[in-house]
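Report on the following structure.
The values are calculated or read from the model by the stated rules, or taken from the named source; none is laboratory data. Because the structure is predicted, anything quoted here is derived from the model rather than measured. Counting neighbours? That spans all protein chains shown, and the Cβs are built from the backbone with ideal geometry, glycine included.
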């Protein structure tokens, strides 16, 4: 049974209040998504899973309205609340929730019980093929690998031709290679079906790898909405910056504005160190936050010359700490900065704590945010 | 050995276990999943027969079945005779007496089913009843076997309720445990011993089944 709604978007506007377990929590958001993958990004406890539960009908909002295409799934004002089993929303849970007592084939056919046997088999064969799991048909979920289980869970949700697909960190436990193959298959499937897919993650890499659009959720609210690059490269709020991994965040005061060059000069708080940064709408004297990723900073043992980078800060190496295949160096240049190096760089520079070093930061590696 | 009493007891225990296997499911489902604030009161009522002296339960059942109660009068109008001191009366009393032995294992195994599996079933279009049949029941097989085996064994050995409700009518309400009591009263220890051994063997077999099923299932369920 094909639905006309399959080419339409999802509109969500909801309010839900929780109290208990020592905290009050309010989920309050409104957004609209079209066909394609939309990432819902945020720390744990931001309300991501509750949002999906509300869309699927597993949780009931206090007020608001949820529609897909021209179908109203929930409308508090009119008292509409379509039961879960009639919403036609595919949902892949974080722990997948494959039926342990059923084979892969029976798991996939679970949602097809309303149609006749030959059509059911045709559909399940097609989806088993497109997710490359046909050879697993007669195995139980406990007898297949983690990546294969993810494929089964996706196939089980998609075989019912849902209007919307909800994915709750479905690939969190997988290695990058397995993950990207599954994503390719999901994209291929959605190229033909074109439904909105909401994809929850708290993994930064997944945001860039997957989404056409990202909604950043924090404390039950959407705090940013846009393309992965737009949202993640220039965050506007301190909390978001910490969230997505700026190792270096400092207060800084605007000391000069160069409208003609599109830059500003900012002095790091309590130091004489000055940074040239991109121009934002701020007056001289304003205090802002500067975020610099540890991987965006270069380290030199002699003062470099003839560089395009505008910020060269002298400092002293405090410590070196190896984390897996990177070395985190802490450098005091008025403020303490973290710089990430490769193992080879550490060895060839013969770095030792106490050495004089220079840190090089490109103007556009300085991300400015309003100090909240 | 009184074979008439033996077969009567088997018939009673099978019937009671069968009725409880059906009747116990909705009660257990409600106990496992209801969010009613006062649910604990209902749970206490279901569990009452575990601690209540069988004579007390038997007394109330006798009164309820007797010709002065609405149920007793209804039955008499329907069939022309009273429920007390009949096999049917015995079945009703035994169902109440063994209710917790079926309902509690059922409810415990339902409550163990991962709620996310039920949610997944619902998002795939299954109604509550379909989810119950296709997900909850198959995953609760050890609990179902336990409940049926325990209510069977428990009914096999009951004494107080039978005596109160059924009396001691050969071929109608005379069960093996009453037979044992009679033999002992008559100082016929050899016959009592023989019957007691049979009951002991049946009880042991039922409990072995319960523990065997649960162990085997734990051992082969890798998702537990």
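All but one of (1) at positive phi; (2) surrounded by fewer than 16 Cβ atoms within 10 Å (Cβ to Cβ); (3) in contact with a strand residue (DSSP E or B) (Cβ under 6 Å, 6 or more places away or on another chain) hold for residue A:47; state the number of the condition that does not hold.
(2)
Under 29 Å from residue B:86 (Cβ atoms) and in contact with a helix residue (DSSP H, G or I) (Cβ under 6 Å, 6 or more places away or on another chain) - does that describe any residue in segment B:120-140?
no
Taking into account only those residues within segment A:98-118 that are more than 23 Å from residue A:169 (Cα to Cα) and at the interface with chain B (Cβ under 9 Å from one of its Cβ atoms), which is surrounded by the most Cβ atoms within 10 Å (Cβ to Cβ)?
A:112
How do the strands (runs of 3 or more DSSP E) wholly within segment A:127-224 filter down when requiring 1 or more residues that are over 24 Å from residue B:119 (Cβ atoms) and away from chain B (no Cβ under 14 Å): which remain?
A:213-218
Considering every residue within segment A:49-56, establish whether at least one is in the same structural domain as residue A:12 (by TED's automatic domain parsing) and assigned to a loop (DSSP other than H, G, I, E, B).
Scanning segment A:49-56, I find no residue that is in the same structural domain as residue A:12 (by TED's automatic domain parsing) and assigned to a loop (DSSP other than H, G, I, E, B), so the answer is no.
Which one is modelled with the highest pLDDT, of the residues in segment A:73-97 that are crowded, with 18+ Cβ neighbours inside 10 Å, more than 8 Å from every other protein chain (Cβ to nearest Cβ) and within 25 Å of residue B:113 (Cβ to Cβ)?
Among them, the one singled out is A:92.
Given the conditions (1) under 16 Å from residue A:13 (Cα atoms); (2) more than 11 Å from chain B (Cβ to nearest Cβ), and given that residue A:56 satisfies all but one, which numbered condition is not satisfied?
Of everything listed in (1) under 16 Å from residue A:13 (Cα atoms); (2) more than 11 Å from chain B (Cβ to nearest Cβ), residue A:56 misses just condition (2).
Of the residues A:47, A:69, which single one is more than 14 Å from chain B (Cβ to nearest Cβ) and either over 19 Å from residue A:169 (Cα atoms) or in contact with a helix residue (DSSP H, G or I) (Cβ under 9 Å, 6 or more places away or on another chain) (or both)?
So the residue among A:47, A:69 that is more than 14 Å from chain B (Cβ to nearest Cβ) and either over 19 Å from residue A:169 (Cα atoms) or in contact with a helix residue (DSSP H, G or I) (Cβ under 9 Å, 6 or more places away or on another chain) (or both) is A:69.
Conditions (1) modelled with pLDDT of 90 or more; (2) within 20 Å of the chain's Cα centre (by Cα); (3) within 14 Å of chain A (Cβ to nearest Cβ), marked per residue:
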| residue | (1), (2), (3) |
| --- | --- |
| B:185 | yes, no, no |
| B:197 | yes, no, no |
| B:201 | yes, yes, no |
| B:210 | no, yes, no |
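To keep it simple, each residue is scored yes or no on (1) closer than 30 Å to residue A:201 by Cα; (2) at pLDDT 85 or above; (3) surrounded by 19 or more Cβ atoms within 10 Å (Cβ to Cβ); (4) out of contact with any strand residue (DSSP E or B) (no Cβ under 9 Å at 6 or more places or on another chain).
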residue	(1), (2), (3), (4)
A:238	yes, no, no, no
A:259	no, no, no, yes
A:291	yes, yes, yes, no
A:303	no, yes, no, no
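Looking only at helices (runs of 4 or more DSSP H) that fall completely inside segment B:94-170, which ones have 2 or more residues that are closer than 23 Å to residue B:34 by Cβ and touching a strand residue (DSSP E or B) at 6+ places or on another chain (Cβ under 8 Å)?
Fully inside segment B:94-170 and qualifying: B:115-123.
Is at least one residue of segment B:145-165 without any contact (Cβ under 8 Å) to a residue 40 or more places away in the chain and either more than 14 Å from chain A (Cβ to nearest Cβ) or under 24 Å from residue A:156 (Cα atoms) (or both)?
Among the residues of segment B:145-165, not one is without any contact (Cβ under 8 Å) to a residue 40 or more places away in the chain and either more than 14 Å from chain A (Cβ to nearest Cβ) or under 24 Å from residue A:156 (Cα atoms) (or both), which makes the answer no.
Please go through segment A:127-147 and pick out each residue that is without any contact (Cβ under 8 Å) to a residue 24 or more places away in the chain and either within 16 Å of residue A:98 (Cα to Cα) or surrounded by 12 or more Cβ atoms within 10 Å (Cβ to Cβ) (or both).
A:134, A:143, A:145
Residue B:6 - would you say it is touching a helix residue (DSSP H, G or I) at 6+ places or on another chain (Cβ under 8 Å) and either closer than 19 Å to residue B:159 by Cα or loosely packed, with under 14 Cβ neighbours inside 10 Å (or both)?
Yes: the conditions hold for residue B:6.
Name the strands (runs of 3 or more DSSP E) wholly within segment A:255-349 that hold at least 3 residues that are under 11 Å from residue A:359 (Cβ atoms) and in contact (Cβ under 8 Å) with a residue 60 or more places away in the chain?
It comes to A:297-300.
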